[in-house]
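Data block below; observations after.
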Amino acid sequence: MTEAAQRVWAQLRPEDRAWLSTLAAQAGSAGVALVGGAVRDALLGRSPLDLDVVVPDGEVAALAHASGLPFVHHPAFDNATLTLPGGRAADLVRARRETYPVPGGNPVPQPGSLEDDLRRRDFSVNALALRVRADAAPTLLDATGGLEDLDAGVLRPLHLHSFHEDASRLVRGARLGARLGLSAHPELLLQVPAALAVAGQTPRLWAELNLLFHEPRPGRAAALLREWGAGALLPDPALLLALDAQQDEGATVSPQVYAAALLHAAPDPAALATRLGLGDRPGLLLARALGDTFYPAGTPERRLRALLRPDAYEGLTGKDVLALGVPPGRAVGEALAHLAAGRRAGQLRSAEDERAALRAFVAQQAQTNPLH
């Protein structure tokens, strides 16, 4: 076993090594190959959780059935998603080649070798395979120079038309670059205009942008896109970077908060939400954050409000109104409505302003309607 193969094999969970060994024995003399992100992450010293396994020879459905694990077979690309003990998923796929009849469209698969399968991928650092066979020690296959690029910390597309075929690779590269600290190879930067030219006809690109919100630091990924010349895909990432900074200081910021912040920066928030498939929740969160309703510290609304309205303060609540002697019932609602009107008019700029306005309102109500 080579040193690199040893590193990958040792980084896998013991139960994953056992499963791959069993799978390789069931697959026959060609064995199986762990590919892509799992190999890349293992070489970086991370224990992979998501396992993608290529079957160089044999029937995927039969192998999935022989594993004894629950699985779903997808005939179009001859791959199967297995559920491992503990609930993790693993993908089995037949080795294949792919062609793109229409840029941005779905690829057309054809049977191929393991090397063909590696060469169809996005970046060289994702085109690494650990071959596992029953009669030999695991070996590492590097068909595209991925090891050298990983050591250099660069992202390099596998061929000259990579982004033209599938523009979503550009966004995937930014996500990987931000997560793993990888920089763009000159070839990647040369292909950015090609990706932008076909972005509108590449639905997968917008799905990849949606996944950006689930990265550890979404702002860094969005900033990389802008740095690479693809800033037109998203609004200014300044708000996302500010949320990254909050996470760096120990805060927990949800993907919904990031999405709402990006909508706030967009010229047409509704159009961006539709394009990214965000649904209604980020927009509703943004509306609440921009309003005056009280939210406790630590809530998404409060966190987003502090970012978008740094001069905002927490207005008085019904509890505060009652504490000033206003009787429960309709009078409390009238007092709160009076304060809200003052906020909208720009007359109230702090909680102290509100207390003073509330005292004056209560006194006036007592004079004009003593029995109220």
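The values are calculated or read from the model by the stated rules, or taken from the named source; none is laboratory data. What you see is a predicted model, and the numbers here were worked out from it, not measured in a lab. Cβ sites come from the backbone with ideal geometry, for glycine too, and all protein chains shown count toward neighbours. These area figures cover heavy atoms from the full protein model, side chains too; ligands, DNA and RNA do not enter into them. Shrake-Rupley method; radii C 1.70, N 1.55, O 1.52, S 1.80 Å.
Which helices (runs of 4 or more DSSP H) does the range 227-323 wholly contain that include 2 or more residues that are open to solvent by less than 70 Å² (accessible area, probe 1.4 Å) and touching a Phe, Trp or Tyr at 6+ places or on another chain (Cβ under 9 Å)?
238-248, 255-265, 281-290, 300-308
Please specify each residue of the range 93-145 satisfying the condition of being within 28 Å of the chain's Cα centre (by Cα), aliphatic (A, V, I, L, M) and within 27 Å of His73 (Cα to Cα). Let's see the steps before the verdict.
Step one: filter the range 93-145 for residues within 28 Å of the chain's Cα centre (by Cα), giving 93-100, 102-109, 117-130, 142, 144-145.
Subsequent filtering for residues that are aliphatic (A, V, I, L, M) retains 93, 95, 102, 108, 118, 125, 127-130.
Across the range 93-145, the qualifying residues are Val93, Ala95, Val102, Val108, Leu118, Ala127, Leu128, Ala129, Leu130.
Could you give me the residue pairs with C-beta distances under 7 Å whose first residue belongs to the range 203-217 and is part of a helix (DSSP H, G or I), whose second residue is open to solvent by 60 Å² or more (accessible area, probe 1.4 Å) wherever it lies, and which are 6+ apart or on separate chains?
So the pair list comes out as Trp206/Arg275.
Taking into account only those residues within the range 134-156 that are touching a residue at least 24 places away in the same chain (Cβ under 8 Å) and in a loop (DSSP other than H, G, I, E, B), which is surrounded by the most Cβ atoms within 10 Å (Cβ to Cβ)?
Arg156
Please pick out the residue among Arg131, Arg97 that is open to solvent by 60 Å² or more (accessible area, probe 1.4 Å), within 30 Å of Val154 (Cβ to Cβ), of a type in the set (D, E, K, R) and part of a strand (DSSP E or B).
Arg97
For Ala90, are the conditions met, namely being open to solvent by less than 30 Å² (accessible area, probe 1.4 Å) and either of a type in the set (Ser, Thr, Tyr) or over 22 Å from Arg204 (Cα atoms) (or both)?
Judged against the criteria, Ala90 is not a match.
Need the failing condition index for Pro85 against (1) under 30 Å from Gln191 (Cα atoms); (2) assigned to a loop (DSSP other than H, G, I, E, B), just the number.
Going through the list (1) under 30 Å from Gln191 (Cα atoms); (2) assigned to a loop (DSSP other than H, G, I, E, B), Pro85 breaks only (1).
Only one of (1) in a loop (DSSP other than H, G, I, E, B); (2) open to solvent by less than 30 Å² (accessible area, probe 1.4 Å); (3) under 29 Å from Ala42 (Cα atoms) is not met by His159, so which one is it?
The one condition His159 does not meet is (2).
What number of residues within the range 96-133 satisfy the criterion of being among the polar types (S, T, N, Q) and touching a residue at least 40 places away in the same chain (Cβ under 8 Å)?
2
Can you tell me which residues in the range 100-124 are open to solvent by 40 Å² or more (accessible area, probe 1.4 Å) and among the polar types (S, T, N, Q)?
Asn106, Gln110, Ser113
Kindly list, by first and then second residue, each pair from a residue in the range 17-41 that is of a type in the set (A, V, I, L, M, F, W, C) to a residue that is open to solvent by 40 Å² or more (accessible area, probe 1.4 Å) and part of a loop (DSSP other than H, G, I, E, B), limited to pairs with Cβ atoms under 7 Å and residues at least 6 apart or on different chains.
If the second residue must be open to solvent by 40 Å² or more (accessible area, probe 1.4 Å) and part of a loop (DSSP other than H, G, I, E, B), the pairs left are Ala24/Ala134; Ala25/Ala134; Ala30/Asp57; Ala38/Asp50.
Of the residues Gly36, Gly68, Gly58, which is open to solvent by less than 20 Å² (accessible area, probe 1.4 Å) and small (Gly, Ala, Ser)?
None of the others qualify; the one that does is Gly36.
Just to be sure before I move on: is Asp268 closer than 30 Å to Ala363 by Cβ and charged (D, E, K, R) in the structure I sent?
no
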